[in-house]
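Contents: one structure, followed by commentary.
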Amino acid sequence: MAFGAFGAAPGAVEVDAAPQRRSPVALLLLLPGLAYLALFFVVPFVSLIITSLQMPDPLGFGEPGRYVNAFRWENYVEVVTTYWPHFLRSFGYALAATAIALLIGYPLAYFIGVKLRRFKMLQALLLVLVIAPFFISFLLRTFAWKQILSDNGPVVAVLQSLTILPDDARITGTPFAVIFGIAYNFIPFMTLPIYTSLERLDLRYVEAGGDLYASPASTFFRVTLPLSMPGVISGTLLTFIPAAGDYINASADFLGGPDTAMIGNVIEANFLRVQNYPVAASLSILLMATILLLVGLYVRRTGTKDLV
Amino acid sequence: MRGIRFGVGTWGLAIYAVLAFVLILTPIAYTIAFSFNDSIKTNIVWRGFTLEKWATVCVVENGAVCQAFGSSLLVGGAATLGATVLGTAVAIALVRYRFRFRGATSLLIFLPMATPEVVMGAGLAAQFLAAGVAKGLGTVILAHVLFCISFVVVTVRARVASLDPAIEEAGRDLYASPGQVWWRITFPLLLPGIVAAALLSFALSFDDYIITSFNRGPAVTFPVYVYTAAARGLPAEANVIATAVFVLAIVIVIASRLFAASREKRLAKA
């Protein structure tokens, strides 16, 4: 085996050769991490399912937060009939925000990854700017948008003086502000994976498209876009999944209002404020199930296998 | 290469990119600018430039801002340490060894990343409630380690996969003990990946609000402070902390890029 170090041609590293080994060391390495995930991810999920089926404690005298284990599957029926508009809103907002983030992120990634390929320093600098929002608190940058878009803020003033916006109209508190806020917060998550795909794109394929008399648009849709699909898929998933569960942008203290509550707001309010744990738990299970279903369908349609 | 032309399309794209960057940077600039605002109590209207808020950062509201920041550093440090150790071990095992339940293991690592924070937060909180664990900084750290592990595994795994096992073999052939092989060969070669994973973990932990809010009990981290204060008006000192962290993070990122570039040059020469 050791002779392989001398025998192998430079650069021809056979990474796949290694996983053939079986060793008790593997167990030693895996056990702590996997036990942690089992204890704090799998067990809580079971806990969540048990909580979602609980009923009010008959000896609790209607005190908040007192529930006993039961098999009250009606909880699920009740939350769906009560909160289906919140579900629709969550997935609608998440979808719209993902689309906006894609419309901003793809051209940006294309510009940095393809057009600036010869300018390595500029490329590196612009990538730092793309991820710059990561380094300023998520809550503070959302709060900053709240101030910028507020009724007395510059954006509303300009739009009103141009009579684009009526005098009594506002931006914060509307679905538009919430969708915009979510889209903004996930631009880096969208742009980076697409950049990674486009940066590796072999430009000779694009040239070939032109040589074969394809229009730039048809070259883009039939060569560039398909080759960058892995990046588009991870970018959209990295945006859509957290967006569907987000409740900060939609909160009335940030960009939302009373009519923009998403499913995350309902879960947060039920769990932390009114202590209605079964409702919060059954909504969480339904949210997770819906997301897994949608992601499964999406991944199957687009035909990717490796997610991790 | 003939493919790149600076035609009308490219200029259009460049303008679009500039506008996108204006959008990306606007709230950052706003947050930084308002750390220098001579505000009274709430920090909404621009009242003039001052450096005073940078001096009073640990004084205002009896030091609430600074204490929250300190808690965030503590949680971030502990969570990063835990997640990096656990995640690195899993990453090495995944690349190097063959074992049963490989598919199940990959799924277990992928699922936390596909779970919305609100679900993960509620699940852990339900678990702590059922087990009768009192919530506080301890439970926040446990929760943060959890959501950081998967990201560490994914980041470090890429680095392990690019490592030639023959180098370690050579070490063993030269009678190095397993400990020596790890500390003198494997660990230094994996270090860039491990550092990247640790920085990512710290950033994720430091900025987390949702999972923290479900598992914090009375503990207040910096994002929790911001969320609670946002309803009644945020003091400029919160912007001071955010600005300082931002500048520090940007410096670290640029320094690490320069370091990586010079290292590549050195390796290319050798």
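The values are calculated or read from the model by the stated rules, or taken from the named source; none is laboratory data. Just so you know, these numbers come straight off a predicted model, no measurement behind them. Methodologically, a virtual Cβ is constructed for each residue, glycine included, from the backbone with ideal geometry; neighbour enumeration extends over all protein chains shown.
Quick notes on this structure:
- From the list A:ALA269, A:ALA252, the one residue that fits, being more than 7 Å from chain B (Cβ to nearest Cβ), over 18 Å from the mean Cα position of the chain (by Cα), aliphatic (A, V, I, L, M) and in a helix (DSSP H, G or I), is A:ALA269.
- Some residue of region B:88-96 being under 30 Å from A:LEU108 (Cα atoms), within 7 Å of another protein chain (Cβ to nearest Cβ) and either of a type outside the set (Gly, Ala, Ser) or within 23 Å of the chain's Cα centre (by Cα) (or both): no
- Any hit, region B:207-221, residues being at pLDDT below 90, more than 19 Å from the chain's Cα centre (by Cα), among the small types (Gly, Ala, Ser) and at negative phi: no
- Any hit, region B:50-71, residues being without any contact (Cβ under 8 Å) to a residue 60 or more places away in the chain, within 29 Å of B:ILE149 (Cβ to Cβ), in a helix (DSSP H, G or I) and within 20 Å of the chain's Cα centre (by Cα): yes
- Qualifying residues in region B:155-175 (those that are buried (at least 19 other Cβ atoms within 10 Å of the Cβ) and under 22 Å from B:ALA114 (Cα atoms)) - the one nearest to the chain's Cα centre (by Cα): B:THR155
- Restricting attention to region A:131-152 and to residues that are more than 7 Å from every other protein chain (Cβ to nearest Cβ) and crowded, with 17+ Cβ neighbours inside 10 Å, the residue that is nearest to B:VAL251 (Cα to Cα) turns out to be A:ILE131.
- Residue within region A:180-193 that is of a type in the set (S, T, N, Q) and away from chain B (no Cβ under 12 Å) present: no
- The residues in region A:230-249 that are within 11 Å of chain B (Cβ to nearest Cβ) and not in a helix (DSSP H, G or I) can be counted, and the count is 3.
- A single member of B:THR26, B:THR31 is in contact with a Leu (Cβ under 6 Å, 6 or more places away or on another chain), over 25 Å from A:VAL206 (Cα atoms), facing chain A (nearest Cβ under 9 Å) and of a type outside the set (D, E, K, R), and it is B:THR31.
- Neighbours by Cβ (under 7 Å, 6+ apart or cross-chain): first from region B:110-121, within 7 Å of chain A (Cβ to nearest Cβ) and in a helix (DSSP H, G or I); second crowded, with 18+ Cβ neighbours inside 10 Å and among the charged types (D, E, K, R): B:VAL118/A:GLU268
- Test: residue in region B:141-150 that is facing chain A (nearest Cβ under 7 Å), in contact with a Ser or Thr (Cβ under 6 Å, 6 or more places away or on another chain), in a helix (DSSP H, G or I) and in contact (Cβ under 8 Å) with a residue 24 or more places away in the chain: no
- The sole residue among B:ALA33, B:ALA14, B:ALA20 that is crowded, with 17+ Cβ neighbours inside 10 Å, in a helix (DSSP H, G or I) and at pLDDT 90 or above is B:ALA20.
- Elements of type helices (runs of 4 or more DSSP H) contained in region A:63-165, each with 2 or more residues being hydrophobic (A, V, I, L, M, F, W, C) and over 29 Å from the mean Cα position of the chain (by Cα): A:154-161
- Check on B:ILE92, touching a Gly at 6+ places or on another chain (Cβ under 9 Å), in a helix (DSSP H, G or I), of a type outside the set (Gly, Ala, Ser) and modelled with pLDDT of 90 or more: no
- Test: residue in region A:218-228 that is among the aliphatic types (A, V, I, L, M), more than 8 Å from every other protein chain (Cβ to nearest Cβ), closer than 30 Å to B:VAL226 by Cβ and touching a residue at least 24 places away in the same chain (Cβ under 8 Å): no
- Selection from region B:176-187 of residues that are in a helix (DSSP H, G or I) and either surrounded by 13 or more Cβ atoms within 10 Å (Cβ to Cβ) or at pLDDT 90 or above (or both): B:GLN180, B:VAL181, B:TRP182, B:TRP183, B:ARG184, B:ILE185, B:THR186, B:PHE187
- Every pair of residues 6+ apart whose Cβ atoms lie under 6 Å, when the first sits in region A:91-115 and is in contact (Cβ under 8 Å) with a residue 12 or more places away in the chain and under 30 Å from A:ASN265 (Cα atoms) while the second is buried (at least 23 other Cβ atoms within 10 Å of the Cβ) and polar (S, T, N, Q): A:THR98/A:THR236; A:THR98/A:THR239; A:ALA101/A:THR239; A:GLY105/A:THR191
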